[in-house]
Amino acid sequence: MSEAAPVPDEELAARAAAGDHGAFDILVRRHTARMYRVALRITGSSSEAEDVVQEAWLSAWRALPGFRFESAVSTWLYRVTTNGALGAVRRRKPTVPLDEGDAGVVPGPEGYVVSAEQVGRVLRAIAELDVGQRIPLILREFEGLTYDEVAEVLEVSVPALRARLHRARVALLAKLGDNFRPGER
């Protein structure tokens, strides 16, 4: 017997907007981990990231009745999370040191290819980037969003996004220095 296909986010959001708490709970379970990763990489603090995600879900719940479905629900949630994390960063120092303990949250194959020391070094360098460079880099390179999706989250054109990403990559490479070679051990 085959399992039923998962309910699409758009349907869950419409049901949640109509007051279906169960549909909203499914959205929360489906997207919280990704939202947390984005918030953590922007703020550099696990406790602050948790607060950002909690506030993002409260904002999303309140805003759902007015959601017009002009973008994907996931893109909208990234935008809500990104805006919340930016607000948290603005309320304190502009750059955030990343704890060594948070370096272990990097998912995916990069953790297997690059040594833990190099991953920590890259994450610290990303945390030192200007927040305007850090966010597009995180969304594109770590979260795997397309250029169109990142541009939509940041509410900029794709050419403007490409320029931001280029500047972010150049700044990151400058911070890492000439002796950094990805994949070296």
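Laid out as a table, the results:
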| read-out | value |
| --- | --- |
| Matching residues, region 37-47, being of a type in the set (D, E, K, R) and buried (at least 24 other Cβ atoms within 10 Å of the Cβ) | 41 |
| Single residue of 103, 160, 151, 125 found to be in contact with a Ser or Thr (Cβ under 7 Å, 6 or more places away or on another chain) and either at pLDDT 90 or above or assigned to a helix (DSSP H, G or I) (or both) | 151 |
| Filter result (outside any helix (DSSP H, G or I), open to solvent by 70 Å² or more (accessible area, probe 1.4 Å) and more than 19 Å from residue 75 (Cβ to Cβ)) within region 1-31 | 1, 2, 3, 4, 5, 18 |
| Which numbered condition residue 34 fails, given (1) of a type outside the set (S, T, N, Q); (2) exposed (fewer than 13 other Cβ atoms within 10 Å of the Cβ); (3) at pLDDT 90 or above | (2) |
| Near pairs, Cβ below 6 angstrom, 6+ apart or cross-chain, from region 148-166 (touching a residue at least 12 places away in the same chain (Cβ under 8 Å)) to any residue that is part of a loop (DSSP other than H, G, I, E, B) | 152/71 |
| Residue list for region 20-41, filter: in contact (Cβ under 8 Å) with a residue 12 or more places away in the chain and more than 21 Å from residue 138 (Cβ to Cβ) | 23, 24, 26, 27, 28 |
| Residues satisfying the stated conditions in region 48-73, i.e. in contact (Cβ under 8 Å) with a residue 40 or more places away in the chain and either touching a Cys at 6+ places or on another chain (Cβ under 6 Å) or crowded, with 18+ Cβ neighbours inside 10 Å (or both) | 48, 64, 73 |
| Test set (1) open to solvent by 50 Å² or more (accessible area, probe 1.4 Å); (2) charged (D, E, K, R); (3) at pLDDT below 90 - residue 167 fails condition number | (3) |
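The values are calculated or read from the model by the stated rules, or taken from the named source; none is laboratory data. The structure displayed is predicted, hence computed values, not measured ones. Here the Cβ is made from the backbone with ideal geometry for all residues, glycine too, and neighbour counts use every protein chain on show. Ligands, DNA and RNA are excluded from the accessible area calculation, which covers all protein heavy atoms including side chains. Shrake-Rupley method; radii C 1.70, N 1.55, O 1.52, S 1.80 Å.
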